[in-house]
Amino acid sequence: MRFWLRTEEMALEEMVQRLNAVSKHTDEIMHQDIVPLCAADIQDQLKKRFAYLSGGRGQDGSPVITFPDYPAFSEIPDKEFQNVMTYLTSIPSLQDAGIGFILVIDRRRDKWTSVKASVLRIAASFPANLQLVLVLRPTGFFQRTLSDIAFKFNRDDFKMKVPVIMLSSVPDLHGYIDKSQLTEDLGGTLDYCHSRWLCQRTAIESFALMVKQTAQMLQSFGTELAETELPNDVQSTSSVLCAHTEKKDKAKEDLRLALKEGHSVLESLGELQAEGSEPGVNQDQLDNQATVQRLLAQLNETEAAFDEFWAKHQQKLEQCLQLRHFEQGFREVKAILDAVSQKIATFTDIGNSLAHVEHLLRDLASFEEKSGVAVERAQALSLDGEQLIENKHYAVDSIRPKCQELRHLCDQFSAEIARRRGLLSKSLELHRRLETSMKWCDEGIYLLASQPVDKCQSQDGAEAALQEIEKFLETGAENKIQELNTIYKEYESILNQDLMEHVRKVFQKQASMEEVFHRRQASLRKLAARQTRPVQPVAPRPEALAKSPCPSPGIRRGSENSSSEGGALRRGPYRRAKSEMSESRQGRGSAGEEEESLAILRRHVMSELLDTERAYVEELLCVLEGYAAEMDNPLMAHLLSTGLHNKKDVLFGNMEEIYHFHNRIFLRELENYTDCPELVGRCFLERMEDFQIYEKYCQNKPRSESLWRQCSDCPFFQECQRKLDHKLSLDSYLLKPVQRITKYQLLLKEMLKYSKNCEGAEDLQEALSSILGILKAVNDSMHLIAITGYDGNLGDLGKLLMQGSFSVWTDHKRGHTKVKELARFKPMQRHLFLHEKAVLFCKKREENGEGYEKAPSYSYKQSLNMAAVGITENVKGDTKKFEIWYNAREEVYIVQAPTPEIKAAWVNEIRKVLTSQLQACREASQHRALEQSQSLPLPAPTSTSPSRGNSRNVKKLEERKTDPLSLEGYVSSAPLTKPPEKGRGWSKTSHSLEAPEDDGGWSSAEEQINSSDAEEDGGLGPKKLVPGKYTVVADHEKGGPDALLVRSGDVVELVQEGDEGLWYVRDPTTGKEGWVPASSLSVQLGPSGSAQCLSSSESSPGSAVLSNSSSCSEGGQAPFSDLQG
């Protein structure tokens, strides 16, 4: 850079010197350095023509200045006369002017007095050397005579440095100056036009001034260019280069115009040779031509000096622009390479499975491919820098370190990629060995599990099984891990704590499997060794029997062949003892081996669960990084079709949420159950709520499928699939979450199959039921989103419990008889949706489209509020029918299910909804009753037995009970005054609950219950209190000595009713008895042969009813049926 600055300064100095020389030479050419006058300055004075330079020359080449006859000569101001004289004497060359001027004064028409004055004035103020003064005196006789006499007598007045010759006539003048050098008015032949001469002089001097100004302008411009500070960015440098280029072009245009002007002046002077003179051409014209040519030469010199400077300056700017491009590229590439280095520094994972390592290798290859663009750019930029250095760029000191740094970064990237690939290759090799070992162990486990125990009891079966085992063990040399320490040492560079633990577990699994094989080998060898050789039959001695409880087969065989009765008597107990011992030993061995085989199979299922879970997580990550993230990549934007813009959420749904749940939570928790697979059900139960995210994904799946079908041919997907090296297209991977959620129930079934007698069997069963419930909820939600025509918000109806297609008949009170009869024979096909608060009737439409779009749609028809719904479970003549009635049977819907099982499921679910509504109403009544009962005195407690330990709350108990009619929260705190009816199978005194006539709302004694039997009778009966089991709904810890300590959720049996709202009950768990408040108990409904129905409505009697009756008759409010405990 410093070198370039010195070079720039030198170029500027050189140009300035050359242009200064041009200006100086121009002044010298035009004699401006001596007489700074121009024709333009004294043009008016020159036009008077009282003196002119005709171009004539004397015999020795002296310039001739002619003073023509000018009557007003004496009136010319001295300043004007001096300027004209000075200008005319400055025109000839210095050489000619040095010889001296010849003055020709024409006074032929003047008087002697004026001649004398003119001569004296000229002699006094002539600014140059004079050689000769020729005066043409007046031609008149008198004036000529007078001049002769006056000149003789006044000779001393004309004493000058040069002779003054008075000439009488023009021919006398020709004796001194040749006629060719005199103008026509002096009798000569010299062609002279004063106005033309004046124009030529003006043009020549204007051109000279242009040359001088051009040189000065270029000098200033060059100084300005040289002093311009170079910008530090590409755009500013480009702008400076463009601006300077424009100024240079303008200066060159000015030069071109100056040259054009010079050539025009030269053409106007005529094309004459510089040497000699031709007839008709005076010396001044030749001098003018020479002057213009010299000026043109100076102008060419000016252009050459500027061009040379501009070439260097332009090279400087272009190299500066190249440097700025290089520096900008360097900054960009370095930033990218730094980001790449930071990214590759995060690649510390070496994989936790074979599939994971393979995915990491693919990621590394993809990252290397993407980063290769930056590396190639860095290498190309380094080559550009080297080329700049070779071209002798002025900033070599700045370019060379950057090139070295770029090469270093590229080499560092390549080395780090190679190191990472080496580590991952090492990890891949290790995981392949571990995978091979685990696969070998699994094959061994299946081999052991596939060997039937009964066939191995025979010698041939044992030998065959032993050969299979030995043959399998021979394959262990190439499949199993030989030495753990060798593995640790060989793969020390990649082993972390988790991987070491994984290696240890695989080695432990391998050792355990080999131990099982060795034990099985030992057992089979014993079985194969039985009866291998015959022995001589010998009767056993008594002492031998005492010493050896397990004689050899030969002894038994010999004893059997013996005919001794005493021996037979002795052999009888021996044989029985041996047989029992053998059977018990075989039984214990068989049971142990079976349990061991089940444990092996459980571990295998757990291994499959973990392996598939890891693969699932990897596939989700692959899709999110390889497809979803690429949709936001600007480099891939040109491949996206317009239909995919801002549609990532539609295409992928909440896949990212699913991935984070499995990767961060579920997979890690599953790995904690590796050593106890039978307990894995707990993991599912703890995370069951998180699996609800699959419902959202499945609901979005139809939109995703539709978008995929529209855009599946988009080049974006093809490019992503190529980069990921996937054989299947994206739609196959979008189906993975749906496939995965259905896979869990299969794995749980397998695990439950091998864990029925284990500790976690109950959790496994509950987890399986919960997963199936989620699948059902997902399936139901897929149907729910297909409902059209419903004005309200489906979310306000509560949770969707069930959905299905049914045949429906209607039977309404307010309908026409024909319509009612017709409805019984022509059912409607309806799809029912059972919610917590309503049941919807919809009409199923035809299925159209493909894939998920083939799902049906449902047109909404009507809905029934569950608060006013009742059911009749059995309809005469068909086990698949049941009734749903509304508003005290004003509307009756006979529903036929496809199968009795579906009917039973729907009836049970509706019963649960109605029961929960009834319970909610009773809990409100209970709250008021408890407030009233707190003021009642209670007897002293007689028992302090604690309530039974149960960690589950009432809600959990209700969910886990198998009896769908179990009801908790039943409260009755009204005064009990009436005695119980006879003939109910209960001898204890009881009280009935009076049904109030007012149906306006629920109270502590309001239980509006309808019975189909009562409907047929059409009458109202009193509600009867029944004995049996009751559920405690409120803790009771205080009271008298006879009070029983109970807690919420306990089940007690009613023994006797007392006064003041107290009942005497017995705890079947502890056997203790005591008094508790009746308000703390809720009746527990059980199966009954009579009609059972419940109403949960607060405002309409006979609504929200459960019924077992087959009657469909209409009736009013019915009495409470018998309730059996």
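The values are calculated or read from the model by the stated rules, or taken from the named source; none is laboratory data. This one's a predicted model, so the numbers in the text were calculated from it and none came from an experiment. Cβ atoms come from the backbone with ideal geometry, glycine included; neighbour counts cover every protein chain shown. Ligands, DNA and RNA are excluded from the accessible area calculation, which covers all protein heavy atoms including side chains. Shrake-Rupley method; radii C 1.70, N 1.55, O 1.52, S 1.80 Å.
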Practice item. For a label point 7 Å from the Cα of residue 710 along Cα→C-beta, name the residues of the range 720-761 whose backbone N is under 20 Å from it. Key: 730-732, 734-735
Revision key, fill the gap. The base-10 log of I(q)/I(0) that the Debye equation returns for the range 852-914 at q = 0.23, 0.24 Å⁻¹, one scatterer per C-alpha, is -1.01, -1.05
Practice item. Just subtract the alpha-carbon distance of residue 69 and residue 493 from 0.36 nm times their residue separation and send over the number in nm, one decimal. Key: 140.7 nm
Practice item. Grab the range 309-404 and count how many Lys pairs have their alpha-carbon atoms under 29 Å apart, sequence gap of 8 or more, or different chains. Key: 13
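Can you tell me the FRET efficiency between residue 367 and residue 223 if r is taken as the Cβ-Cβ distance and R0 is 60 Å, rounded to the nearest 0.05?
After rounding, the FRET efficiency stands at 0.65.
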Practice item. Along each of the three principal axes of the Cα atoms of the range 623-672, give the extent in whole Å, ordering the values from largest to smallest. Key: 46, 20, 10
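Determine the gain in length on full extension of the stretch residue 80-residue 862; use 0.36 nm per residue of separation and subtract their C-alpha separation, reporting nm with one decimal.
Here the segment from residue 80 to residue 862 would lengthen by 269.2 nm.
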Practice item. Excluding residue 741 itself, calculate the net charge of residues whose Cβ lies under 13 Å from the Cβ of residue 741, where each Lys or Arg counts +1 and each Asp or Glu counts -1. Key: +4
Point to revise | Filter on 648/736; 426/471; 701/756; 843/876; 480/736; 647/696 - keep pairs with C-alpha separation over 28 Å | key: 426/471; 701/756; 480/736
Review point. What residues have an amide H closer than 5 Å to that of residue 188, excluding those fewer than 5 places away on the same chain, when H is modeled at 1.01 Å from N in the peptide plane?
Key: 183
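Could you provide, to the nearest whole Å², the per residue accessible area of the range 45-143 with probe 1.4 Å? Spell out each step's value before the answer.
On the way: 3990 Å² over 99 residues.
Ligands and nucleic acids excluded, the figure is 40 Å² per residue.
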Practice item. List every residue whose amide H lies under 5 Å from the amide H of residue 871, counting only residues 5 or more places away in sequence or on a different chain, with H placed 1.01 Å from N in the peptide plane. Key: 885, 1105, 1106, 1107
Review point. Working out 0.36 nm times the residue gap between residue 671 and residue 908, then minus their Cα-Cα distance, what length gain in nm do you get to one decimal?
Key: 81.5 nm
**Study point:** Hz values of 3J(HN,Hα) by residue in the range 858-874 - Karplus curve (6.51, -1.76, 1.60), Gly and Pro given as x
**Key:** 10, 8, 5, 10, 6, 9, 10, 6, 5, 5, 10, 9, x, 10, 10, 5, 10
Review point. If you take the Cα atoms of the range 422-518, find Rg, then find the Kirkwood Rh from the mean of 1/r over all pairs, what is Rg/Rh?
Key: 1.10
Check your understanding: Say each of residue 756 and residue 829 gets a label point 7 Å from the Cα, pointing the same way as Cα to Cβ; how far apart are those two points in nm?
Key -> 4.1
Review point. Between residue 318 and residue 470, how many nm apart are label points set 7 Å from Cα along the C-beta direction?
Key: 9.0
**Study point:** Long-range amide H partners of residue 352 with built H, under 5 Å
**Key:** 357
Point to revise | Shape parameters for the range 43-124, alpha-carbon atoms, Rg then Dmax in Å | key: 12.7, 36
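Excluding ligands, DNA and RNA, what is the solvent-accessible area per residue of the range 391-502 at a probe of 1.4 Å, expressed in Å²?
57
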Practice item. Give me the compactness ratio for the range 315-438, meaning the Cα radius of gyration over 2.2 N^0.38 Å. Key: 1.42
Check your understanding: Hey, rough spin-label estimate for residue 404 and residue 837, points 7 angstrom out along Cα→Cβ, what's it come to in nanometres?
Key -> 7.8
Point to revise | residue 678 - accessible surface, heavy atoms, 1.4 Å probe, Å² rounded to 10 | key: 40
